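Asks: Below: one structure in structure tokens.
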Amino acid sequence: MPYLIDGSHKITQSNAILRYLARKHHLDGETEEERIRADIVENQVMDTRMQLIMLCYNPDFTRTWPFLGKVAVPLPNPLLGSLSLKVVTASCSLPQEKQKPEFLKTIPEKMKLYSEFLGKRPWFAGDKVTYVDFLAYDILDQYRMFEPKCLDAFPNLRDFLARFEGLKKISAYMKSSRYIATPIFSKMAHWSNK
């Protein structure tokens, strides 16, 4: 369980820690309108993240299809000092994504919500970076890894990701040896578990 001890403050829960740090460092919005927008984005990100988690940890994410066919197997030929190919009949089980095709159909509507909410703003709450931009970047990047073309129709979201990655300290971190893009999930997941 994540926790933070900051002086006399002892805080658990990821989002509570994130909000505490945001308030402490003035990254929670300057106006009530910005704070409301941050609240909305934070909760939308949680919903969107949970949908991806439920898919990726679902045991039905993949199913196994039987395969029976002919394959060429390289065999060493000691007389010729080379390899020769022998065609044999083989059978095995091939995993195939079962639920991903249906889930992919839902992604454009999810991305449209983020795109319309961001609009022409540089950041989700307004003109300055807030803590929800970190959350939004994280989930949009995960969906981009899951389906690389999911942001093709949303230039403002692609620009947002580029703007976020271009922040001086974020850029330096992402270029450092400390940055690890994957895995996103634990080994029990059926996607991005390595």
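The values are calculated or read from the model by the stated rules, or taken from the named source; none is laboratory data. Note that this is a predicted model, so its numbers are computed, not measured. Because the Cβ atoms are built from the backbone with ideal geometry, glycine has one as well, and the counts that use them run over all protein chains shown. These area figures cover heavy atoms from the full protein model, side chains too; ligands, DNA and RNA do not enter into them. Shrake-Rupley method; radii C 1.70, N 1.55, O 1.52, S 1.80 Å.
Asks: If you go through region 153-166, how many residues are assigned to a helix (DSSP H, G or I) and touching a residue at least 40 places away in the same chain (Cβ under 8 Å)?
Replies: 4
Asks: Kindly check whether there is at least one residue in region 47-57 that is closer than 18 Å to residue 101 by Cα, at pLDDT 60 or above and acidic (Asp, Glu).
Replies: No, because not a single residue in region 47-57 is closer than 18 Å to residue 101 by Cα, at pLDDT 60 or above and acidic (Asp, Glu).
Asks: Considering only residues that are over 23 Å from residue 152 (Cβ atoms) and open to solvent by 60 Å² or more (accessible area, probe 1.4 Å), which ones fall in region 178-191?
Replies: 178, 179, 180, 183, 187, 188, 190
Asks: Any residue at all in region 101-114 that is over 17 Å from the mean Cα position of the chain (by Cα), open to solvent by less than 30 Å² (accessible area, probe 1.4 Å) and of a type outside the set (Phe, Trp, Tyr)?
Replies: no
Let's see how each residue does on (1) at pLDDT 95 or above; (2) within 30 Å of residue 193 (Cα to Cα):
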position: 10; (1), (2): yes, no
position: 13; (1), (2): no, yes
position: 63; (1), (2): no, yes
position: 70; (1), (2): no, no
position: 80; (1), (2): no, no
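Asks: If residue 150 passes every condition in (1) of a type in the set (A, V, I, L, M, F, W, C); (2) part of a loop (DSSP other than H, G, I, E, B); (3) over 23 Å from residue 99 (Cβ atoms) but one, which one does it miss?
Replies: (3)
Asks: Could you grab me the full set of residues in region 13-50 that are open to solvent by 70 Å² or more (accessible area, probe 1.4 Å), of a type in the set (S, T, N, Q) and in contact with a Phe, Trp or Tyr (Cβ under 8 Å, 6 or more places away or on another chain)?
Replies: The answer is none; no residue qualifies.
Asks: Another question, then. Looking at residue 137 and the list (1) within 27 Å of residue 99 (Cβ to Cβ); (2) modelled with pLDDT under 95, which single condition is not satisfied?
Replies: Exception for residue 137: condition (2).
Asks: Among the residues of region 155-177, which ones are more than 16 Å from residue 134 (Cβ to Cβ) and open to solvent by 90 Å² or more (accessible area, probe 1.4 Å)?
Replies: Result: 158, 175, 177.
Asks: Now, a different point. Among the candidates 124, 134, single out the residue that is touching a residue at least 24 places away in the same chain (Cβ under 8 Å), more than 24 Å from residue 191 (Cα to Cα) and either open to solvent by 30 Å² or more (accessible area, probe 1.4 Å) or in a loop (DSSP other than H, G, I, E, B) (or both).
Replies: Answer to the check: 124.
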